[in-house]
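Below you'll find the structure, written out as structure tokens, and then a few comments.
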Amino acid sequence: MTLTLQLPQTGIRRYGSLLSPLAWAALLVSAAVVLAALLAPALAPYDPDYVDLNNVLAGPNAQHLLGTDALGRDLLSRIMFGGRTALLGPTIVVLGSTAAGLLLGLAAGWSDGWTGKVLGRVFDLLFSFPALLLAMLSIALFGKGLFAPILAMTIAYVPYVARLTQGLVVAERTRPYVQAYRVLGFRTPWVVLGRVMPNLIPTVGAQSALNFGYVLADLAALSFIGLGVQPPTSDWGAMIEESRGALLGGYVLPAFWPAFVVVLVVVAVNVIGEELSDRIGGKLS
Amino acid sequence: MTTTHPAATAAPDGTAAPDAPGGRRNRTAPGNGTRAVVFVLKKLLVLAGTLFAASLAVFFSRFLVPGDPARFLLRGRSPKPEALAEITRQFGLDKAPWEQYLNWAGGVLHGDWGRSLTYRQDVSDVLLGRLPTTLQLVALAAVFITVLGLIAGIVASLNKGFGDRFILVTLTAAGAVPPFVAAIALVALFSVGLGWFPSFGSGDGGWERLRHLTLPALALGITYIAMVARVTRSSMNEQLLREHVEVATSRGLTRASVVRRHVLRNAVGPILTVSGVLVAGLLVSSSIIEQTFGLAGIGQLLVQSIDRLDFAVVQAIVMVVVSAFVLVNTVVDLIQPLIDPRIAAGTETR
């Protein structure tokens with residue numbers, strides 16, 4: 001008779017069993033898009049700004065796999081290069097707001113006194129400014145481009161991360177391991193940052209993945225209405241705006257491809273984020 | 001805050017006062033009226049505080065820009081000395097910052113929002129002229145969201161298996177489509193392709209206006225149609241498993257009546273909760289949609305004013321949208337106890 005032991009899987013295999021096939025597909029799509037954007041200078045078949053007026057609004061063919069836009073620029077190359085600006089913004093916003101939100105949320109959740117109360121009020125105030133609105137105010141102050149909206153959105157997304165962290169910390173504080181560290185006399189910062197924070201990262205990460213999608217869509221929208229990335233820099237939102245004339249003339253593809261990529265990436269990060277939070281929720285309960 | 005569960009105040013042996021049997025006794029208890037008043041007052045106080053803090057943030061944001069404030073307000077123009085003097089006088093730039101704030105806030109409360117540089121008109125007049133279009137757009141979007149969102153959610157909840165899966169996947173996809181992408185897709189399909197709806201302009205009154213606002217309202221609402229549908233679905237699924245629904249079904253009530261009176265009514269709470277977020281989202285996204293469809297509303301005015309460096313207008317619109325958002329959230333908080341008496345006023349332990 002054999003004795004079977006249920007050992008927890010470790011490392012990458014644990015995550016392999018953690019994700020559904022759909023989430024794996026979403027992860028692959030995201031990785032492919034990120035790689036295509038990063039390696040655009042090496043992989044893109046054309047200069048994204050190369051105008052070829054003899055070859056405007058061409059459909060997909062052997063020379064131009066996705067076709068060309070109204071100025072004869074290669075759509076595939078523009079999408080690859082456009083990904084660099086379209087993905088850079090959300091990356092900065094998510095990294096910045098996650099870091100700041102984690103720290104502020106830890107501080108707010110750990111303190112019983114006025115620090116927690118004041119921080120809670122600050123989060124409430126920030127919640128009353130929708131991210132896109134704050135971004136527009138920031139553009140009105142600091143001018144068009146990527147800097148102003150990135151700055152504003154980083155601030156606007158801090159309360160989402162912080163409020164979540166705060167709730168998690170309050171729950172975590174009462175757990176035996178935290179009590180044990182306290183009784184054993186470990187210093188508070190070490191317990192909070194070294195022992196409590198790592199336990200929160202998966203849940204907060206799931207929220208941040210969802211935030212990435214929202215920020216990507218909002219920044220693309222700003223570029224679309226001409227307040228974000230300025231031409232001739234290629235950006236997915238700006239590409240859709242540039243293609244509106246062609247669209248009204250019946251040429252759908254120049255607007256379709258960038259729109260398709262935007263939706264694809266947003267769906268992919270949403271799937272990853274929701275999958276993560278589902279699994280974590282399931283694990284905890 | 002100490003909370004009292006209705007059952008906790010009942011007599012220990014389970015008997016209630018003879019004139020007010022059962023749990024109803026607690027509702028008419030003398031403490032409850034004052035508690036409701038305190039609850040409302042507290043919410044209103046928080047509302048006032050938030051509005052005050054938001055106005056500080058909006059007003060003093062200008063002070064983050066380094067350099068001469070008069071030149072900032074007149075960016076993109078070549079200001080003559082008279083113009084600089086005029087803007088200094090109008091904004092009171094030579095006064096202390098707190099005095100400037102009091103002037104501005106006092107003006108706002110009296111309906112004086114300053115003057116627009118591009119329109120050479122009072123900001124309040126420019127805003128009022130643009131308001132109807134935005135309100136019509138948001139109202140139509142709200143109708144689409146309520147009708148389509150509720151129907152999709154209810155249908156998904158009542159159909160297990162393939163129907164549910166299909167609607168859920170569609171909703172997830174629709175929820176991920178940003179409004180401006182939805183706008184482009186709708187124009188491609190219904191304006192360019194089928195020619196059913198116009199792709200630009202607001203149209204003149206009545207039926208034409210409705211036709212012009214249909215695509216913008218759909219594009220504006222798509223994210224929230226998906227959101228409301230998902231919330232409705234999960235909220236109803238939760239209710240369908242409850243005992244009171246089972247009892248109602250076993251008593252032989254028809255399915256429609258069970259769903260309407262016992263499931264939907266109890267499922268309204270979470271749907272209402274998201275409506276605060278919804279209004280803010282609609283107002284903010286309307287700037288993108290109005291710009292896309294060339295609708296002369298507040299949102300388009302915001303985009304144009306940013307473009308034309310007309311800061312007084314931007315400041316006013318930001319304040320209006322934030323106020324609307326905070327106000328709606330307060331209203332939602334206040335009517336929540338009316339819909340679900342378990343969240344009795346003053347005993348919120350959610």
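Side notes on the structure shown:
- Elements of type helices (runs of 4 or more DSSP H) in the stretch B:98-193, at least 2 residues being under 30 Å from B:SER61 (Cα atoms): B:123-158, B:179-186
- Test: residue in the stretch B:283-293 that is in a loop (DSSP other than H, G, I, E, B) and either more than 19 Å from the chain's Cα centre (by Cα) or of a type in the set (D, E, K, R) (or both): no
- Here B:THR146 meets each of (1) without any contact (Cβ under 8 Å) to a residue 40 or more places away in the chain; (2) on the phi < 0 side of the Ramachandran plot with one exception, condition (1).
- Residue count for the stretch B:77-129, restricted to those that are loosely packed, with under 11 Cβ neighbours inside 10 Å and at positive phi: 2
- Each residue in the stretch A:197-235 was checked for being over 12 Å from A:ALA135 (Cβ atoms) and either touching a strand residue (DSSP E or B) at 6+ places or on another chain (Cβ under 9 Å) or acidic (Asp, Glu) (or both), and 1 pass.
- Here is the figure for the stretch A:257-285: residues that are surrounded by fewer than 21 Cβ atoms within 10 Å (Cβ to Cβ) and at the interface with chain B (Cβ under 8 Å from one of its Cβ atoms) total 3.
- Residue in the stretch A:76-98 that is out of contact with any helix residue (DSSP H, G or I) (no Cβ under 6 Å at 6 or more places or on another chain), within 14 Å of chain B (Cβ to nearest Cβ), within 28 Å of A:SER30 (Cβ to Cβ) and in contact (Cβ under 8 Å) with a residue 12 or more places away in the chain present: no
- Test: residue in the stretch B:57-69 that is within 14 Å of another protein chain (Cβ to nearest Cβ), modelled with pLDDT of 85 or more and out of contact with any helix residue (DSSP H, G or I) (no Cβ under 8 Å at 6 or more places or on another chain): no
- Contact map, the stretch A:191-217: residues that are away from every other protein chain (no Cβ under 14 Å) paired with residues that are of a type in the set (Asp, Glu), Cβ distance under 6 Å, separation 6+ or inter-chain. Pairs shown: A:VAL196/A:GLU172.
- The set of residues in the stretch B:113-127 that are within 27 Å of the chain's Cα centre (by Cα) and closer than 11 Å to B:ASP310 by Cβ comprises B:GLY114, B:SER116, B:VAL123, B:VAL126.
- Subset of the stretch A:134-180 that is surrounded by fewer than 22 Cβ atoms within 10 Å (Cβ to Cβ) and of a type in the set (Lys, Arg) - its residue that is farthest from A:SER277 (Cα to Cα): A:LYS144
- Inside the stretch A:32-57, residues that are in a helix (DSSP H, G or I) and either surrounded by fewer than 17 Cβ atoms within 10 Å (Cβ to Cβ) or touching a Leu at 6+ places or on another chain (Cβ under 7 Å) (or both) make up a count of 12.
- When A:THR233 is tested against (1) more than 17 Å from the chain's Cα centre (by Cα); (2) modelled with pLDDT of 90 or more; (3) not small (Gly, Ala, Ser), only condition (2) is not met.
- Condition met for B:GLY163 (surrounded by fewer than 21 Cβ atoms within 10 Å (Cβ to Cβ), within 12 Å of chain A (Cβ to nearest Cβ) and not hydroxyl-bearing (Ser, Thr, Tyr)): no
- Residue within the stretch A:10-31 that is modelled with pLDDT under 80, assigned to a loop (DSSP other than H, G, I, E, B), more than 29 Å from B:ALA173 (Cβ to Cβ) and of a type outside the set (Lys, Arg) present: yes
- Residue in the stretch B:187-210 that is within 14 Å of chain A (Cβ to nearest Cβ), closer than 28 Å to B:GLN136 by Cα and buried (at least 23 other Cβ atoms within 10 Å of the Cβ) present: yes
- Residues in the stretch A:188-228 that are under 10 Å from the mean Cα position of the chain (by Cα) and among the β-branched types (Val, Ile, Thr): A:VAL215 only.
- In the set B:PRO81, B:PRO97, only one residue is under 29 Å from A:SER128 (Cα atoms), over 31 Å from the mean Cα position of the chain (by Cα) and either within 14 Å of chain A (Cβ to nearest Cβ) or not basic (Lys, Arg) (or both); that residue is B:PRO97.
- Any hit, the stretch B:222-237, residues being at pLDDT 80 or above and more than 25 Å from the chain's Cα centre (by Cα): yes
- Pairs linking a residue in the stretch B:240-260 that is part of a loop (DSSP other than H, G, I, E, B) to a residue that is modelled with pLDDT of 80 or more, with Cβ atoms under 6 Å and 6 or more positions apart or on different chains, do not occur.
- Per-region count, the stretch B:289-316, residues in contact with a Leu (Cβ under 8 Å, 6 or more places away or on another chain), β-branched (Val, Ile, Thr) and more than 18 Å from A:GLY143 (Cβ to Cβ): 2
This table checks each residue for (1) more than 9 Å from every other protein chain (Cβ to nearest Cβ); (2) farther than 19 Å from A:LEU125 by Cα; (3) not in a helix (DSSP H, G or I).
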{"residue": "B:GLY276", "(1), (2), (3)": "yes, no, no"}
{"residue": "B:LEU301", "(1), (2), (3)": "yes, yes, no"}
{"residue": "B:LEU309", "(1), (2), (3)": "no, yes, yes"}
{"residue": "B:ALA316", "(1), (2), (3)": "yes, no, no"}
{"residue": "B:VAL320", "(1), (2), (3)": "yes, no, no"}
{"residue": "B:VAL328", "(1), (2), (3)": "yes, no, no"}
{"residue": "B:PRO337", "(1), (2), (3)": "yes, yes, no"}
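- The set of residues in the stretch A:118-163 that are among the aromatic types (Phe, Trp, Tyr), in a helix (DSSP H, G or I) and within 12 Å of another protein chain (Cβ to nearest Cβ) comprises A:PHE123, A:PHE127, A:PHE142, A:TYR160.
- Scanning the stretch B:31-56 for residues that are within 14 Å of chain A (Cβ to nearest Cβ), among the aliphatic types (A, V, I, L, M) and closer than 20 Å to B:GLN336 by Cα returns B:LEU45, B:VAL46, B:LEU47, B:ALA48.
- Matching residues, the stretch A:218-245, being of a type in the set (Asp, Glu) and more than 11 Å from every other protein chain (Cβ to nearest Cβ): A:ASP235, A:GLU242
- Among the residues of this structure, B:ALA267 counts as one that is surrounded by 15 or more Cβ atoms within 10 Å (Cβ to Cβ), of a type outside the set (Val, Ile, Thr) and away from chain A (no Cβ under 14 Å).
- The test for being crowded, with 24+ Cβ neighbours inside 10 Å and either farther than 15 Å from A:ILE139 by Cα or within 11 Å of another protein chain (Cβ to nearest Cβ) (or both) does not hold for B:LEU272.
The values are calculated or read from the model by the stated rules, or taken from the named source; none is laboratory data. On a predicted model such as this, the values are computed, not experimentally measured, just so you know. All Cβ positions, even for glycine, are placed from backbone atoms using ideal geometry, and neighbour counts span all protein chains on display.
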